[in-house]
Structures are given as C-alpha cells and as structure tokens.
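Written below as structure tokens is the structure these notes are about.
The values are calculated or read from the model by the stated rules, or taken from the named source; none is laboratory data. This structure is a prediction, so every number in the text was calculated from the model and none was measured. Here the Cβ positions follow ideal geometry from the backbone for every residue, glycine too, while neighbour counts run over all protein chains shown.
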Amino acid sequence: MPAEVDVIIIGAGVVGLAIAAEVSQFNKNVFVFEKNRTFGLETSSHNSEVIHAGMYYPENSFKAKFCVRGNKLLYEICRKFNINHKKLGKLIVAADDVESKEVDRLYRQGIKNGVAGLRILARDDIKRLEPNVNIVAALLSPSTGVIDSYNLLRCFYGRAKENGAEFIFNTEVIGIERKNGTYRVDIRDDEGISSVTAKVVINAAGLFSDRIAQSAGIDPVKAGYRLHYCKGQYFSLDPGVGHLVRRLVYPVPEQAGVGIHITLSVDGSVRLGPDTKYVDKIEYTVNENDKADFYRAAHRYLPSIAPDDLAPDFAGVRPKLQGLGEGFRDYVIRDESDKGLPGLINLIGIESPGLTASPAIAEYVAGLTSEALN
C-alpha cells in the first residue's frame, strides 16, 4: 500500500461500496478500509432488503431525494448486472379511520417527493389485490420491491475493483489528523499501527461513523452527530401461510420506524419485522419472548395467521441520529470545510432507506469528492 493516496473510504457497507464504485470511475487512487474480514457484515446484511419508494420523508430532505433517485437507479443496476429482485409493490394499510388519515398524509407526502404511481385504495380494491388482508384503506406503492442485497454488495465491490479501487480488510481506522493540506489516517491491523496520507477522507463507517468523526477532532454531541443504536428483530412466517400475501404489507409508520411489516424476499420466504428497540450495544440475538408482540401487530391486518406460524429469524441494528422520542433527523452528508477540515466528507446516520439510496448517495459524494480534489 502506498504512503500517499488520493481518496480513502472508511467502511465497506453498501454505501461505502457504492461510493467506491462511483468515485473510482474518476479517481484511480482509491483505498477502502474495513475493520471486518469482508464487506457488508453489519447494517447492510441485517435488513429487510426492500427497495423503498420515498413517501415517508419530508420534501427535499436527503432521505426523500436520495430514496426516490436511488429507487430508479437500483432497478437499472439490477437489470444491467442481473441482480435478483422483484418489483412486488407494497400496501401501507389502515386498520381504522384514524390510520386512514395517516395513509392520506403519506400519499400527499409521496406526491410532493415525486414518488411515481401512488394510489389510495378503498376496501373493495384492496380485497381484489390482497383478499386475505383485512383493512379499511391502503396506499399502494407500485415501485416498492425487494432485492438480493448480498449480490448488490458484490456488484458494487466488483465494479470498484474493476476500476482499480483497493480494499484493505481487517483494518481499523483509529485516528485522522489534517496536516499540511492533507490527512494522516492512522490504521491498526494484524501487523500493528501505521499511517497513510490522503487528500480526501470519506467516512462511511455506518454504526461507527460518529466515532470516526470524533477521531478527526469533531465533537459528536456539539455537531449533532451522536448516534443511537436501534435494534430491529425479525420473525419468519411459516411457508404454509406465506402465500396469504402477494405484496409487501406495512402498517402506518411509528415514531422510530415504519412499523412491523410483512416482507417477501426474493427467494419467496416471508418475514415480519423489524420492531424498534433502542439499545446500548450492538448484538443480533432475537428474543423469542417478543413473538407475541409481532403476532399482535400482524394479526391486526392479517387475521388468518396463528402464533405458531411465527419463528425467530434474525436481527439488525440501525445507526439513528434520532434518539428515543425525538423527531425526524435527516442524513448528515457533508464536506467539513466549515469546521476547518476540507476534504473530510462525513456520512452519519445512514439508516433506512440507505440501501435504496446508496447509488444516489454515491453520485452526490462523488461530486463532493471531485470538488475537494480540484
């Protein structure tokens, strides 16, 4: 590895990989440091694998813009590189008249955000589409789908490698210091501690991105960068009842997420989840005692399922800027020039819809990188 490089990307989750694939098209001296043994082992591989449409987020927010743009790009990528996916569509459902008002609000928000094809459905329309779903109204999002997330990760990784990007695994970034117009990045691997100099440093470290920002001298509390870990569990639905739905089915959103929903994966399996539990540490166990909560949540709109149809599946952890009980927080994606750190590009709080947004985020960060290098 050379002592001086143009661009260092910290983190090889889906966002870091997408950025590496995009930036390496224009810069041949790109290095990606990942503390794990390979790419995508954290948030990127512990999620619903949904291609979102973008109706949940405030107009002109990063989450809205990058989700809508990413939705389009992701389907194009899937077709071009033969990544398994299904554009199933989804229903956001209302179990009563109060929830119907929220469905109406999401429809209006989606139209503002530029989401294509949204339709409000009455009970008769719903019964034709999903005869086993018992609700009073729903929002149909035809552009929502599911994707094989591992093969998306592998696609971004392969494209970046073809462009000449270098990946250094089992290597942790432990310090960043601006010196003489460049950055000294201290790394720790099996051989000890060493340093690399870079013109641009892109912090795409996901669950640890606030700590990386702190290692560069930014106070995460003062900057509003402190992350909160939010765990989400999933329960699988018995294959014998998986045929009950043909699309993704979501309740109206809750404070910290989009609610326990029914997701169909590309392999045909059906899951319920995720729930939302703020936690102090990263761990991926599923508490079987929470099955009753999942059953109650899904039974409201899918009454033919039974508790024994559910089994513990997996869990993920989301890096949220939004703390418990707090309002909407957008992604932080910015060059830190105003903090005296030009060329340090922080991406913090990249939770859902991060997988969908990843190619659009990569376009944006490539623009910031180009400006920083020129």
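When region 1-38 is examined, which residues are found to be hydroxyl-bearing (Ser, Thr, Tyr) and either without any contact (Cβ under 8 Å) to a residue 60 or more places away in the chain or out of contact with any strand residue (DSSP E or B) (no Cβ under 7 Å at 6 or more places or on another chain) (or both)?
Scanning region 1-38 gives a single hit, Thr38.
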So for region 133-140 (the condition being surrounded by 17 or more Cβ atoms within 10 Å (Cβ to Cβ), within 26 Å of Cys67 (Cα to Cα) and in contact (Cβ under 8 Å) with a residue 60 or more places away in the chain), does at least one residue qualify?
yes
Can you name the condition, by its number, that Val115 falls short on among (1) more than 19 Å from Pro353 (Cα to Cα); (2) of a type in the set (A, V, I, L, M); (3) touching a Gly at 6+ places or on another chain (Cβ under 6 Å)?
(1)
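Quick grid of which residues meet (1) modelled with pLDDT under 95; (2) more than 22 Å from Glu351 (Cα to Cα):
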position: Gly232; (1), (2): no, no
position: Phe235; (1), (2): no, no
position: Gly242; (1), (2): yes, yes
position: Ala256; (1), (2): yes, no
position: Lys281; (1), (2): no, no
position: Lys291; (1), (2): no, yes
position: Tyr301; (1), (2): yes, yes
position: Pro312; (1), (2): no, yes
position: Ala315; (1), (2): no, no
Pairs under 9 Å by beta carbon, first residue free of Cβ contacts under 8 Å to residues at least 12 places away in the same chain and in the same structural domain as Gly354 (by TED's automatic domain parsing) in region 317-339, partner of a type in the set (Gly, Ala, Ser) and surrounded by fewer than 20 Cβ atoms within 10 Å (Cβ to Cβ), six or more apart or different chains?
Ser337/Ala372
Taking region 237-264 only, how many residues are touching a helix residue (DSSP H, G or I) at 6+ places or on another chain (Cβ under 9 Å) and touching a residue at least 60 places away in the same chain (Cβ under 8 Å)?
12
In region 206-233, which residues are in contact (Cβ under 8 Å) with a residue 24 or more places away in the chain and touching a Phe, Trp or Tyr at 6+ places or on another chain (Cβ under 9 Å)?
Leu207, Ser209, Asp210, Ala213, Ala216, Ile218, Leu227, His228, Tyr229, Cys230, Lys231, Gln233
Please go through (1) in a loop (DSSP other than H, G, I, E, B); (2) closer than 28 Å to Gly242 by Cβ; (3) over 18 Å from the mean Cα position of the chain (by Cα) for Glu102 and return the number of the only condition it doesn't satisfy.
(1)
What is the residue count in region 336-374 for residues that are within 30 Å of Ala53 (Cα to Cα) and assigned to a helix (DSSP H, G or I)?
18
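Which strands (runs of 3 or more DSSP E) does region 111-193 wholly contain that include 3 or more residues that are assigned by TED's automatic domain parsing to the domain that holds Ser337 and under 29 Å from Asp6 (Cβ atoms)? Outline the logic, then answer.
Details: elements: 119-121, 137-141, 145-147, 166-168, 172-179, 182-189.
Answer list for region 111-193: 166-168, 172-179, 182-189.
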Please state which of the following conditions Ala95 fails to meet, knowing it meets all the rest: (1) touching a residue at least 12 places away in the same chain (Cβ under 8 Å); (2) in contact with a Pro (Cβ under 9 Å, 6 or more places away or on another chain); (3) not assigned by TED's automatic domain parsing to the domain that holds Arg123.
(3)
What number of residues in region 338-374 are of a type in the set (Asp, Glu), buried (at least 19 other Cβ atoms within 10 Å of the Cβ) and over 12 Å from the mean Cα position of the chain (by Cα)?
0
